[in-house]
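Everything on this sheet refers to the single structure shown next.
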Amino acid sequence: MNCSQGFTLPEDLLCVSKDAEAGVPIDAITCAIDRADSVLTLLEDHFDSDKPRLADHIISSVIWDVRGTLGLIKTLAMHGDASSAPQVQTGGAQ
């Protein structure tokens, strides 16, 4: 096993496919936002109910999951920006 990848988070290895169309992948971004919102809703329900408290490691995992989803959204947004920038520059030069 490569030692440099031994401590890598999944989000560090995820990237947009080179075959992806240029522009903002709005469907993928919306899906990631909905996923994060769902996870946070589950966590919110935990604090709004009389059920026994979740263990700290579970709450920490929920936060880590949302943080990873935010990283994915950033990756998708950066792809949209990078792939749209040449079109904007070309369009403005006409």
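The values are calculated or read from the model by the stated rules, or taken from the named source; none is laboratory data. Computed from a prediction, not measured in an experiment: that's the story for all the values here. Virtual Cβ from ideal backbone geometry, glycine too; neighbours counted across all protein chains shown. In case anyone asks, the SASA skips ligands and DNA or RNA and just uses the protein heavy atoms, side chains included. Shrake-Rupley method; radii C 1.70, N 1.55, O 1.52, S 1.80 Å.
Restricting attention to segment 32-71, the residues being open to solvent by 60 Å² or more (accessible area, probe 1.4 Å) and assigned to a helix (DSSP H, G or I) number 21.
Figure legend. Inter-residue proximity from segment 31-47: first residues farther than 13 Å from ILE58 by Cβ, second residues open to solvent by less than 80 Å² (accessible area, probe 1.4 Å) and assigned to a helix (DSSP H, G or I), beta-carbon distance below 6 Å, spacing 6+ or different chains. Indicated pairs: ALA32/THR69; ALA32/LEU72; ALA32/ILE73; ARG35/THR69; ALA36/VAL66; ALA36/THR69.
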